[in-house]
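Structure record follows, encoded as structure tokens.
The values are calculated or read from the model by the stated rules, or taken from the named source; none is laboratory data. It should be emphasised that the depicted structure is a prediction, and the values quoted were computed from it without experimental measurement. Using ideal geometry, Cβ is built from the backbone for each residue, glycine included, and neighbour counts are taken over all protein chains shown.
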Amino acid sequence: MTLTHESRDIEFKNALKESYQFIKKKEFDNAFKSIAKANLFLPPFDDQFNYIDALLQIKEAQVSVISRDKSPDYMAYLIYSLESFALNITRDLIQFPHLSSFYYRKEIKYSPYTFNSTDSEEINFDKDDIQDIALKKLGIFLHREEFYRDYLQFIYEDLLEIYGIPPKYNKDSINKIISNMNTDYESFDQLIFGFSEELHRKSLGYLNYKISEFIDRLIKKYSFI
């Protein structure tokens, strides 16, 4: 039986709600099973905003489970948290051509990690947060500056290309087209009703795959695990 969009949404929300109930009871295996069930009811790939939003909720739930475990899987934590952050940036990108949030984050180098050269490489479970511990456990901590530099390059540069935004539609050119809509309606029409509509009909399954592929490759590059 094929579920309607409404039925899929209900099943998704119920499974995710169930996962958080298990998290509260510290039944982490059951929480992951509920998250896996929620995965079965994701919106279609071409329903861009709802698909990314639902996928982001799943990643956040996965991070929540691992961060509450007494013996966290640090590799899984780092993967899910980086995927979650990348999906947040993707959610900005799919607002094209209204990319003010994306460009603001890019300009301030909004990052999941703040580098401090004086931080100790020794693990301190009372002082370190789970991200620092994960980096230290995986042998990435000494190379964390380069690690996150590569990551930011991916989310603020490469993701645009993967999503399909060409270099000609950068911050300045988009602003110019919109501000000159009365004198150059042809360019405005192509941006808003041509390219934008075509872009928003794309399936995002491939983009999600490329995010996961990059993060896996990035961790393997810098980790000794």
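For every residue, the table says whether it meets (1) out of contact with any strand residue (DSSP E or B) (no Cβ under 9 Å at 6 or more places or on another chain); (2) at pLDDT below 95; (3) among the aliphatic types (A, V, I, L, M); (4) surrounded by 15 or more Cβ atoms within 10 Å (Cβ to Cβ).
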| site | (1), (2), (3), (4) |
| --- | --- |
| Thr4 | yes, yes, no, no |
| Lys13 | yes, no, no, no |
| Leu16 | yes, no, yes, yes |
| Lys26 | yes, yes, no, no |
| Phe32 | yes, no, no, yes |
| Lys37 | yes, no, no, yes |
| Pro44 | yes, yes, no, no |
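Filtering segment 32-77 to residues that are in a helix (DSSP H, G or I), closer than 21 Å to Gln131 by Cα and among the small types (Gly, Ala, Ser) leaves Ala61, Ser64, Ser67, Ala76. Taken over segment 182-225, the criterion of being hydroxyl-bearing (Ser, Thr, Tyr) and in a helix (DSSP H, G or I) is satisfied by Tyr185, Ser187, Ser196, Tyr206, Tyr209, Ser212, Tyr222.
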